[in-house]
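Peer 1: Before anything else, here's the structure in question.
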Amino acid sequence: MDIVRLGAWQGWPRSGTTQADPYATAAFARTGELPLELADGLLFLADHDTAGAPLDGRCDIRISGPLPQSRLWTLTLTDDKGALVPNAAQRHGFTSAELVYEPDGSINVALSPRARAGNWLPTGARGRLQVALRLYDAPFSFASGAQDEGQLPRIVTERCP
């Protein structure tokens, strides 16, 4: 499979091209999602934290660190089937224009069933979660996998019930 793995994140940079491998094509066909063409952007998914533990909506999880250069990015929280997580706040993600950045330009986002100050995405105390990071108009070299995992934010489970 044509997968780029960077820490907890994995992406399929050729999934929207004619060079897409059959497994990536089948995965996108199963979900009905249209893959991004490489010229448009890159999609990275994480369903576990940097230590390898599954993302659990009952836990407090922190996504923090740098993002690669891109014109626009989105960070979206879904359940393990890719559906938006229902919550009273009706907050399902952030865009690069909405987030409050750290002084060094990095991001710091809390995923939690309980309200948090700052950049918070409610998990609805659901079980398994998935985070989608879409980078639009990102450098092509990033898709090669030659980058190191420090280019994407770390995902750390801080506390579980």
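Quick note: the coordinates plus some simple rules give every number you see, no bench work behind them. Note that the structure is a prediction, hence the values are computed from the model and not measured. Neighbour counts run over all protein chains shown; Cβ positions are idealised from the backbone, glycine included.
Peer 1: What is the sum of charges, Lys and Arg at +1 and Asp and Glu at -1, for the other residues whose Cβ falls under 14 Å from the Cβ of residue 62?
Peer 2: Taking every Cβ under 14 Å from that of residue 62, the sum is -1.
Peer 1: As a test of the definition: which semi-axes, in Å, follow for the stretch 65-142 when you take the square root of five times each eigenvalue of its alpha carbon gyration tensor? Largest first, please.
Peer 2: Over the Cα atoms of the stretch 65-142, the semi-axes work out to 23, 16, 10 Å.
Peer 1: Can you sort 56, 137, 2 so the residue with the fewest Cβ neighbours within 10 Å comes first?
Peer 2: 137, 2, 56
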